[in-house]
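Asks: The structure under discussion is supplied below as structure tokens; questions concerning it will follow.
Nothing in this text is a laboratory measurement; each read-out follows from the coordinates by a stated rule. Here the structure is a predicted model, which means the values were calculated and not measured. Please note: Cβ atoms are built from the backbone with ideal geometry, for glycine as well, and neighbour counts cover all protein chains shown.
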Amino acid sequence: MFTFTELRLLCAESIFLKYSGYFLPLLLFILTKYVWKRFACSSANAARIQKEVIDTSNNIQTDATNDEIIEDEYRPHLPELEHVAYRGLIEWLDKSGDKFFKLANDRRSIRKFAKNKHVDIEVIEKCILAAGTSPSGAHTEPWTFCVIQDALIKQEIREIIEAEEYLNYSQRMSRQWTTDLRPLKTDFIKEYLTDAPYLIIVFKQVYGIRSDGMKQQHYYNEISVSIATGILLCALQSAGLNSLVTTPLNCGPAIRNLLNRPQNEKLLVLLPVGYAADDCCVPDLQRKSLNDIMVTY
Ligand code: IYR
């Protein structure tokens, strides 16, 4: 053991004690920095979690932040409506559900369309009316369906999409993604964009503009427009038409500009619509069975 004198000598010679004037502030600085970093991280995390909770609970997809949507007063987007008695459905196909299943099960994604088989615009209009019956968040009906028949515009759209899809397939999509697509035999060449008699471009309105010029929130707009698109697909098929759901990656702004659509509209999907070409082929796919997709409780 050390004697008291030896201890004093040791302390006097200790580098740490000798330079404690430098060491201690440095130690204090490192400690403060560590505590500050921990604090900053946890409050940033809390803010992020809070934001995620708000985003996922409301799923309000809008370009505008909540601050931008300044309400001069709180009034509903719809007028105060009278509620009337609901008397049940007046139209159905068959009460077993069989007819609709057969119809839906017959649908295939078609990538080769007959070039010269005419389709009346009235049929397309009726199908879009059907799509417009879709439920939507707070009945905001956040959809726009652009119907393209004009050959020059279809050509321009094809050029925009093929240029982007070339980059998508060759550079942007992962190796796994292009491998997963291989059995479907898709590539960047999109003849259907000029062959199909109609292109229906479905835009989601991420917010609306009220009559007083203020922004109107479009709650769950993507879900609403996706449901409307599902109804559109079924309507087209019920009228004997074929279609394909495409999601042209990175083409939204260029197509929106080409069609002169406003800023609040974002391209969701593009559907070529018409009749399948006589030599059209589809992959021999199987669908999941009921057991694979339904769980009963
Ligand atoms: N948009 C590309 C790639 C593509 C992606 C999916 I996911 C598909 O189901 C099919 C194709 C294209 O249209 O080729």
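Asks: Please get the size of the charge dipole for segment 89-209, origin at its Cα centre, with Cβ charges of +1 on Lys and Arg and -1 on Asp and Glu, quoted in debye to the nearest 20.
Replies: 520
Asks: Throw me the Rg/Rh for segment 98-281, computed over C-alpha atoms with Kirkwood Rh, two decimals. Mind showing how you got there, number by number?
Replies: Values: Rg = 16.8 Å, Rh = 17.3 Å.
So for segment 98-281, dividing Rg by the Kirkwood Rh gives 0.97.
Asks: Okay, next question. Kindly write out, for segment 228-239 in residue order, the coupling ³J(HN,Hα) from the Karplus curve 6.51 cos²θ - 1.76 cosθ + 1.60 (θ = phi - 60°), rounded to whole Hz, with x marking Gly and Pro.
Replies: 4, 5, x, 5, 4, 4, 5, 5, 4, 5, 5, 8
Asks: For an R0 of 35 angstrom, estimate the FRET efficiency from the Cβ-Cβ distance between LYS117 and ILE227 and round to the nearest 0.05.
Replies: Taking R0 as 35 Å, the efficiency between LYS117 and ILE227 is 0.75.
Asks: By how many nm would the segment from LYS126 to VAL84 lengthen if fully extended, with 0.36 nm per residue of separation less the alpha-carbon distance?
Replies: Gain in length upon complete extension: 12.5 nm.
Asks: With θ set to phi - 60°, apply the Karplus curve 6.51 cos²θ - 1.76 cosθ + 1.60 along segment 208-223 and write out the HN-Hα couplings as whole Hz, x wherever there is a Gly or Pro.
Replies: Per-residue couplings from phi come out as x, 10, 6, 4, 8, x, 7, 7, 10, 5, 10, 5, 6, 4, 5, 5 Hz.
Asks: Taking Cα pairs under 8 Å and at least six residues apart, what relative contact order does segment 98-281 come out at, in percent? Present the calculation step by step, with values, prior to reporting the outcome.
Replies: Values: 292 pairs, mean separation 68.2, N = 184.
It comes to 37 percent, rounded to a whole number.
Asks: Continuing with this model, one more query. Can you give the Kirkwood hydrodynamic radius of segment 118-166 from its Cα pairs, in Å with one decimal?
Replies: 13.3
Asks: Also: From the residues ALA131, PRO272, LEU167, which one has its Cα farthest along the dipole of segment 98-281 in the positive direction, the dipole being from +1 and -1 charges on Cβ of Lys/Arg and Asp/Glu about the Cα centre?
Replies: About the Cα centre, the residue reaching furthest to the positive side is LEU167.
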